[in-house]
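Asker: Shown below is the structure under consideration.
The values are calculated or read from the model by the stated rules, or taken from the named source; none is laboratory data. Just so it is clear, the structure is predicted and the values come from calculations on it, not from any experiment. For neighbour counting, all protein chains shown are included, and Cβ atoms are generated from backbone atoms with ideal geometry for every residue, glycine included.
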There are 2 protein chains.
Amino acid sequence: MALQNRQYRLAARPVGLAKESDWKMTTEPVADPGEGQVLVKVLLLSLDPAMRGWMNEGRSYIEPVGIGEVMRAGGIGKVVASKNPGFVAGDLVAGGFGIQEYCLVADLKKAGLHKIDPRIGTPAQWLNALGMPGMTAYFGLLEVGQPKEGDTVVVSGAAGAVGQTAGQIARIKGCRTVGIAGGKAKCDFVVNELKFDACIDYKASPQAVREGLKAHCPKGVDVYFDNVGGEILEVVLTRINRGARIVICGAVSQYNNTAPVKGPSTYMMLLVARARMQGMVVFDYADRYGEAIKQIAQWMKEGKFISREDIVPGIENFPATMNKLFSGGNFGKLVLKVADA
Amino acid sequence: MALQNRQYRLAARPVGLAKESDWKMTTEPVADPGEGQVLVKVLLLSLDPAMRGWMNEGRSYIEPVGIGEVMRAGGIGKVVASKNPGFVAGDLVAGGFGIQEYCLVADLKKAGLHKIDPRIGTPAQWLNALGMPGMTAYFGLLEVGQPKEGDTVVVSGAAGAVGQTAGQIARIKGCRTVGIAGGKAKCDFVVNELKFDACIDYKASPQAVREGLKAHCPKGVDVYFDNVGGEILEVVLTRINRGARIVICGAVSQYNNTAPVKGPSTYMMLLVARARMQGMVVFDYADRYGEAIKQIAQWMKEGKFISREDIVPGIENFPATMNKLFSGGNFGKLVLKVADA
């Protein structure tokens with residue numbers, strides 16, 4: 001084959017925000033699939049805050065990406081050649097393809113290679129509400145957050161991939177749903193399109209979150225779905241109700257820290273409120289993804305739920321696009337478009 | 001009556017550790033009990049880290065003590081006069097008497113006035129294992145920590161009132177039990193008398209907790225019963241196992257902070273380990289105290305469980321004695337002895 005595969009490899013462990021020099025772009029010829037293997041042309045790649053964590057050494061819920069390895073990323077692709085009986089050329093598939101144009105999938109299980117049904121959602125939606133962020137929000141909110149009808153649920157990163165789904169599910173479950181997001185445009189989107197009850201613009205003023213919670217959560221906070229950590233977590237903790245559940249899903253405000261992470265100085269509110277703070281990792285619910293996809297697809301069909309993506313074209317834009325996640329520069333689930341079809 | 005009652009009243013809200021000038025000692029004549037009231041001569045008073053919190057303004061699980069009010073404290077006393085059919089002179093009683101020599105109990109329910117049985121435990125034990133610290137440890141460990149046989153349970157403040165009971169219950173329940181305490185004498189006591197499997201002296205070196213956990217918790221930490229907060233909490237979090245439970249019972253290292261509380265910078269380990277951190281307040285279990293007292297008394301009778309108190313005589317020593325709690329100066333449950341009988 002004459003096909004060439006451009007790839008982004010991790011060149012160095014970043015200190016703070018990743019720099020261009022932390023990446024190395026390589027070009028390799030695409031190999032033919034061997035027995036049992038599948039060659040995928042990558043169409044879309046999912047860019048997620050968690051990827052920043054995978055670039056660090058140290059104990060986490062997943063092995064770090066090694067120096068010199070293709071950067072790990074989930075994506076959507078099209079099978080271009082297959083020597084595996086489960087796949088044929090033309091199949092739309094999802095899996096862990098990495099930041100590259102082609103992926104020769106040898107270990108199908110490790111890559112989580114599976115077909116997607118374009119009748120249920122667009123390829124981008126399969127990276128968002130029907131993909132990892134949607135699964136994270138669904139199980140994080142329902143299993144860890146355990147919202148009850150009438151509860152007040154606060155979601156940070158409300159316009160982002162996980163937040164948009166978490167909040168919409170809370171609203172569908174009959175909760176008062178209050179988002180926190182950065183900037184008027186995102187807050188308007190959260191209220192007008194995602195139909196949260198309110199959205200607090202944390203960038204509006206230093207007191208915006210504190211005042212916004214007072215105004216929009218008059219009965220306190222029963223569930224806080226936290227994607228951001230840092231000061232917002234600290235402030236929300238001061239407003240929690242007795243028996244509140246704090247879902248620790250992420251801490252995007254802290255992922256590029258060069259100083260130690262800021263722990264929540266108000267954590268003793270957990271005692272005052274007899275509340276709990278609990279972490280979750282989506283992979284633990286892998287055997288139930290089907291249930292969540294079916295439910296979210298149903299809500300989409302009924303017009304109760306929308307999925308919003310921010311699609312940036314060009315694999316060569318990967319380094320700069322990835323960093324948008326940490327400046328709040330994306331608006332909806334951030335997706336890198338590698339090819340049209 | 002010619003009896004005089006010396007009392008410690010809160011004169012000012014302390015900044016940091018309470019100073020002598022934050023207290024005012026007053027002397028009042030003792031009034032006769034009115035209809036339904038009970039006059040108690042205070043014998044022992046319980047000094048607890050939580051009292052420091054009651055001296056601050058702001059939202060907590062209990063109202064702050066008002067300026068000019070007698071400092072709130074639980075104690076053991078003897079009824080000297082009663083116009084309530086439930087009590088007669090000579091009864092040994094427990095309740096919220098405050099830092100004073102006599103307490104005229106008007107609202108028996110609010111004071112939690114109840115008789116104690118000296119056959120089950122000494123008056124000091126009724127302030128320790130059979131009192132609030134024991135109840136806190138019992139329900140905090142069993143209900144929030146949910147230890148399973150074979151789990152590794154770490155307890156900070158292990159020689160203290162709550163810690164000694166929490167750890168002994170963990171040991172009785174078949175857990176590997178590791179204490180953290182300050183100084184060799186306390187650690188020896190924790191291992192030799194309380195019969196924990198090991199005890200880490202956090203004062204031994206800056207790396208003592210980190211190294212001690214590695215050495216004594218080779219299978220990681222399943223339950224952490226936290227009485228201290230601060231750096232010890234941060235370090236223990238780095239060693240937790242999947243699904244671990246962190247019981248937030250107190251944060252004695254932070255109660256006299258003038259700077260903001262140090263939040264646990266390693267709290268994202270909750271995500272990595274899918275663990276939870278949950279606060280508890282003993283009052284929530286008030287209707288089950290009888291069950292806990294019966295069980296702990298049984299363990300004491302069987303020789304499986306001991307209760308150690310540090311009894312300091314003299315109400316006039318209250319201000320300095322109270323501060324021992326924050327320097328690690330007490331050895332066992334700290335009790336102020338006000339009168340002999």
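Asker: When the residues of segment B:95-115 are narrowed to those that are basic (K, R) and not in a strand (DSSP E or B), which ends up farthest from B:M55 (Cα to Cα)?
Answerer: B:K109
Asker: Name the one entry in A:F331, A:F326 that is more than 9 Å from chain B (Cβ to nearest Cβ), over 30 Å from B:V252 (Cβ atoms) and assigned to a loop (DSSP other than H, G, I, E, B).
Answerer: On inspection, the qualifying residue turns out to be A:F331.
Asker: Sort through A:P123, A:P118, A:P218 and tell me the only one that's without any contact (Cβ under 8 Å) to a residue 24 or more places away in the chain and in a loop (DSSP other than H, G, I, E, B).
Answerer: From the options A:P123, A:P118, A:P218, the qualifying one is A:P218.
Asker: Another question about this same structure. Among the listed residues A:K173, A:K203, A:K184, which satisfies the condition of being of a type outside the set (V, I, T), closer than 27 Å to A:E309 by Cβ, in contact with a Pro (Cβ under 6 Å, 6 or more places away or on another chain) and surrounded by fewer than 23 Cβ atoms within 10 Å (Cβ to Cβ)?
Answerer: Among A:K173, A:K203, A:K184, only A:K173 is of a type outside the set (V, I, T), closer than 27 Å to A:E309 by Cβ, in contact with a Pro (Cβ under 6 Å, 6 or more places away or on another chain) and surrounded by fewer than 23 Cβ atoms within 10 Å (Cβ to Cβ).
Asker: Of everything in segment A:244-256 that's over 19 Å from A:M132 (Cα atoms) and either facing chain B (nearest Cβ under 8 Å) or touching an Asp or Glu at 6+ places or on another chain (Cβ under 7 Å) (or both), which residue is surrounded by the fewest Cβ atoms within 10 Å (Cβ to Cβ)?
Answerer: Here the answer is A:Q254.
Asker: Could you pull out the residue among A:V30, A:V38 that is of a type outside the set (D, E), farther than 28 Å from A:G160 by Cα and either touching a Ser or Thr at 6+ places or on another chain (Cβ under 6 Å) or not assigned by TED's automatic domain parsing to the domain that holds A:A320 (or both)?
Answerer: A:V38
Asker: Among the numbered criteria (1) within 26 Å of A:V144 (Cβ to Cβ); (2) within 14 Å of chain B (Cβ to nearest Cβ); (3) assigned to a loop (DSSP other than H, G, I, E, B), which single criterion is violated by A:A259?
Answerer: Only one criterion is unmet by A:A259, namely (1).
Asker: For segment A:23-36, check the following and say yes or no: at least one residue is in contact (Cβ under 8 Å) with a residue 12 or more places away in the chain and under 22 Å from the mean Cα position of the chain (by Cα).
Answerer: Looking for residues that are in contact (Cβ under 8 Å) with a residue 12 or more places away in the chain and under 22 Å from the mean Cα position of the chain (by Cα), one finds at least one in segment A:23-36, hence yes.
Asker: Also, quick follow-up: Considering only residues that are surrounded by fewer than 20 Cβ atoms within 10 Å (Cβ to Cβ) and within 16 Å of A:I306 (Cα to Cα), which ones fall in segment A:187-200?
Answerer: A:D188, A:V191, A:N192, A:E193, A:K195, A:D197
Asker: Taking the options B:G140, B:G167, B:G145, B:G163, name whichever one is closer than 21 Å to B:G220 by Cβ, among the small types (G, A, S) and in contact with a Lys or Arg (Cβ under 6 Å, 6 or more places away or on another chain).
Answerer: Criteria check complete, one pass: B:G145.
Asker: Name the residue, out of B:A273, B:A297, B:A292, that is free of Cβ contacts under 8 Å to residues at least 60 places away in the same chain and either within 17 Å of B:A166 (Cα to Cα) or within 14 Å of chain A (Cβ to nearest Cβ) (or both).
Answerer: Result of the check over B:A273, B:A297, B:A292: B:A273.
Asker: Residues being assigned to a loop (DSSP other than H, G, I, E, B) and of a type outside the set (G, A, S): count how many of those fall in segment A:126-155.
Answerer: Final tally of qualifying residues: 7.
Asker: Which one is farthest from A:T266 (Cα to Cα), of the residues in segment B:262-290 that are among the small types (G, A, S) and assigned to a loop (DSSP other than H, G, I, E, B)?
Answerer: B:A273
Asker: Which condition from (1) touching a residue at least 60 places away in the same chain (Cβ under 8 Å); (2) more than 14 Å from chain B (Cβ to nearest Cβ); (3) closer than 27 Å to B:G243 by Cα is the one that A:T136 breaks?
Answerer: That leaves (2) as the condition not met.
Asker: Might you check whether a residue that is aliphatic (A, V, I, L, M), in contact with a helix residue (DSSP H, G or I) (Cβ under 8 Å, 6 or more places away or on another chain) and surrounded by fewer than 20 Cβ atoms within 10 Å (Cβ to Cβ) occurs anywhere in segment A:27-36?
Answerer: no
Asker: Name, by its number, the condition in (1) touching a helix residue (DSSP H, G or I) at 6+ places or on another chain (Cβ under 8 Å); (2) closer than 26 Å to A:A273 by Cα; (3) crowded, with 22+ Cβ neighbours inside 10 Å that does not hold for B:L233.
Answerer: Of (1) touching a helix residue (DSSP H, G or I) at 6+ places or on another chain (Cβ under 8 Å); (2) closer than 26 Å to A:A273 by Cα; (3) crowded, with 22+ Cβ neighbours inside 10 Å, only one is false for B:L233: (1).
Asker: Then there's this: If I ask for residues that are touching a residue at least 40 places away in the same chain (Cβ under 8 Å) and under 25 Å from A:T27 (Cβ atoms), which ones from segment A:74-97 would you list?
Answerer: Hits for segment A:74-97 are A:G74, A:G75, A:I76, A:K78, A:V79, A:V80, A:A81, A:S82, A:K83, A:V93, A:G95, A:F97.
Asker: Step by step: first the residues of segment A:112-129, then only those that are over 17 Å from A:A73 (Cβ atoms) and among the hydrophobic types (A, V, I, L, M, F, W, C), then the one that is surrounded by the fewest Cβ atoms within 10 Å (Cβ to Cβ). Which residue is that?
Answerer: Among them, the one singled out is A:I120.
Asker: State whether the residues of segment A:237-246 include one that is modelled with pLDDT of 95 or more and within 19 Å of the chain's Cα centre (by Cα).
Answerer: Yes: segment A:237-246 contains one or more residues that are modelled with pLDDT of 95 or more and within 19 Å of the chain's Cα centre (by Cα).
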